[in-house]
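Taking it in order: structure first as structure tokens, then the write-up.
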Amino acid sequence: EQDYIVKNVESDVIQYGAGKMDFTPNDIKFSRQWALKNNGDFSIDGQDIIAISGADINIGKAWDIEKGSATIIVAVIDSGCQINHPELSGRIWTNQNEIADNGIDDDNNGYIDDTMGWDFNNNDNNPNDDHGHGTNVTGIIASNGDNALGYSGLNMNCKIMILKGLD
């Protein structure tokens, strides 16, 4: 039997960076999100004007660590949001301090029945998108990712508070 002397101990940690796999969602249009993952083969009308491999935010490495949290609420101030959009299913924030459709400002914040946000253009509680821009912006932020549908949002789990401020 031999005696061993330990001279050095190092913690076992995951090193992110070279050699680490990038999470890639299975969304059918993810390859078109060149700002998130640009492998150099993206083109518009046959022109490789933005097809520079690696010219992206390297989101796969971030998603290896974290895909977002449902405790994060992102307020999107734009033209509203298509509330029933399939890519945003389950992602619209709900004001738990407000009772829907009772005509009372239950949470005393100055807005009656503001259960999903507010429409500041029409001063009402219907922040539905009239133009599509706000829905597009919201999708970039928060589309349900890795669901084999369209696109992936940066934060695949956050909630969206819709604040319609553009007409």
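The values are calculated or read from the model by the stated rules, or taken from the named source; none is laboratory data. Only a predicted model underlies this, so the values are computations on that prediction, with no experimental measurement involved. Every residue, glycine among them, receives a Cβ derived from its backbone with ideal geometry; neighbour counts consider all protein chains shown. Each accessible area value is taken on the protein alone, full model and side chains, heavy atoms only, with ligands, DNA and RNA left out. Shrake-Rupley method; radii C 1.70, N 1.55, O 1.52, S 1.80 Å.
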Check: Are there any pairs with C-beta distances below 6 angstrom linking a residue in segment 135-157 that is closer than 14 Å to PHE30 by Cα to a residue that is buried (at least 21 other Cβ atoms within 10 Å of the Cβ) and among the β-branched types (Val, Ile, Thr), with the two at least 6 apart or on different chains, and if so which?
Finding: ALA142/ILE160
Check: Which one is nearest to GLY40 (Cα to Cα), of the residues in segment 53-82 that are of a type in the set (Val, Ile, Thr) and open to solvent by less than 60 Å² (accessible area, probe 1.4 Å)?
Finding: ILE59
Next item on the list: Quick one: in segment 105-125, of everything that is surrounded by 14 or more Cβ atoms within 10 Å (Cβ to Cβ) and on the phi > 0 side of the Ramachandran plot, which residue is farthest from the chain's Cα centre (by Cα)?
Entry: ASP113
Item checked: Matching residues, segment 88-104, being exposed (fewer than 14 other Cβ atoms within 10 Å of the Cβ), over 19 Å from VAL137 (Cβ atoms) and not hydrophobic (A, V, I, L, M, F, W, C) -> THR94, GLN96, ASN97, ASP101, ASN102, GLY103
Checklist line | Failed criterion for HIS85 (all others in (1) open to solvent by less than 60 Å² (accessible area, probe 1.4 Å); (2) within 17 Å of MET156 (Cβ to Cβ); (3) touching a residue at least 60 places away in the same chain (Cβ under 8 Å) hold) | finding: (3)
Note to self: Which count do you get for residues in segment 90-131 that are over 19 Å from ILE77 (Cα atoms) and of a type in the set (D, E, K, R)?
What the structure shows: 5
Next item on the list: Filter segment 50-82 down to residues that are more than 24 Å from GLY134 (Cβ to Cβ), in contact (Cβ under 8 Å) with a residue 24 or more places away in the chain and of a type in the set (Val, Ile, Thr), then give me how many there are.
Entry: 1
Notebook entry, point to check: Of the residues in segment 126-151, how many are touching a strand residue (DSSP E or B) at 6+ places or on another chain (Cβ under 7 Å), in a loop (DSSP other than H, G, I, E, B) and buried (at least 21 other Cβ atoms within 10 Å of the Cβ)?
Noted result: 1
Next item on the list: Select from segment 88-121 the residues that are part of a loop (DSSP other than H, G, I, E, B) and of a type in the set (D, E, K, R) and write down the one among them that is nearest to LYS159 (Cα to Cα).
Entry: ARG91
